[in-house]
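Trainee: Got a structure here, written out as structure tokens. Questions coming.
The values are calculated or read from the model by the stated rules, or taken from the named source; none is laboratory data. Computed from a predicted model, the values in this text were never measured in an experiment. We place every Cβ from the backbone using ideal geometry, glycine too, and count neighbours over all the protein chains shown. To get the accessible areas, we keep the full protein, side chains included, count just its heavy atoms, and leave off ligands, DNA and RNA. Shrake-Rupley method; radii C 1.70, N 1.55, O 1.52, S 1.80 Å.
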Amino acid sequence: MLFLVYIVYGICRIAILMIVVQAIMSWFVTSMPVTILKFYELLCNFTEPLIRPFRALTQRFAYSIGVDFSPILAIFAIQIIERLLIYLLMLYK
């Protein structure tokens, strides 16, 4: 069972890291070389399904202030789901 806890923890950490890297890289999209731009597009393909539901929630606020908070909300949601799953896994040892 501990193995499953490590799997859940690792997957969630990788998802959070990918969201953070994608958010930082999005600031520099216009000045990226082609090879890094392809990596950015690949990263967007993985992270966009995680961020898209939260982008729909924050859409009216994001355009009025110019900041997209959907990656932060996605990270919070991933952390909550991670803690719930780990708690359930530890509960049923």
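Trainee: Find how much the distance from R52 to V34 grows on full extension, using 0.36 nm per residue of separation minus their present alpha carbon separation; answer in nm with one decimal. Can you show the working numbers first?
Mentor: Values: separation 18, 0.36 × 18 = 6.48 nm, distance 2.49 nm.
Computed gain between R52 and V34 is 4.0 nm.
Trainee: Which FRET efficiency value, to the nearest 0.05, do you get for L91 and F69 by plugging their Cβ-Cβ distance into 1/(1 + (r/R0)^6) with R0 = 25 Å?
Mentor: Values: r = 32 Å, r/R0 = 1.29.
Efficiency for this residue pair is about 0.20.
Trainee: Now a separate question. Can you give the accessible area of T35 in Å² (nearest 10), computed on protein heavy atoms with a 1.4 Å probe?
Mentor: For T35, the solvent-accessible surface is approximately 110 Å².
Trainee: Rounded to the nearest 20 Debye, what is the dipole magnitude of the chain about its Cα centre when Lys and Arg each give +1 and Asp and Glu each give -1 at the C-beta?
Mentor: Details: 7 positive and 4 negative charges, 36 e Å.
With Lys and Arg at +1 and Asp and Glu at -1, about 180 debye.
Trainee: Which of the chymotrypsin sites (Phe, Trp or Tyr not before Pro) found in the range 3-93 are loop residues per DSSP with 16 or fewer other Cβ atoms within 10 Å of their Cβ? Please list the in-between numbers first.
Mentor: On the way: sites: F3, Y6, Y9, W27, F28, F39, Y40, F46, F54, F61, Y63, F69, F76, Y87, Y92; in loops: F69, Y92.
Answer by residue number: F69, Y92.
Trainee: Another question about this same structure. Could you point to the residue in G10, S26, L91 farthest towards the positive end of the chain's charge dipole, with +1 and -1 charges on the Cβ of Lys/Arg and Asp/Glu respectively?
Mentor: Projecting each Cα onto the dipole axis, the largest value belongs to L91.
Trainee: P(r) for the chain: what percent of alpha-carbon pairs falls in each 10 Å bin, starting at zero?
Mentor: 15, 38, 29, 13, 4, 0
Trainee: Angle, helix 70-91 long axis vs. longest principal axis of the chain, Cα atoms, 0 to 90°, nearest 10?
Mentor: Taking the Cα atoms of the chain, the angle to 70-91 is about 10 degrees.
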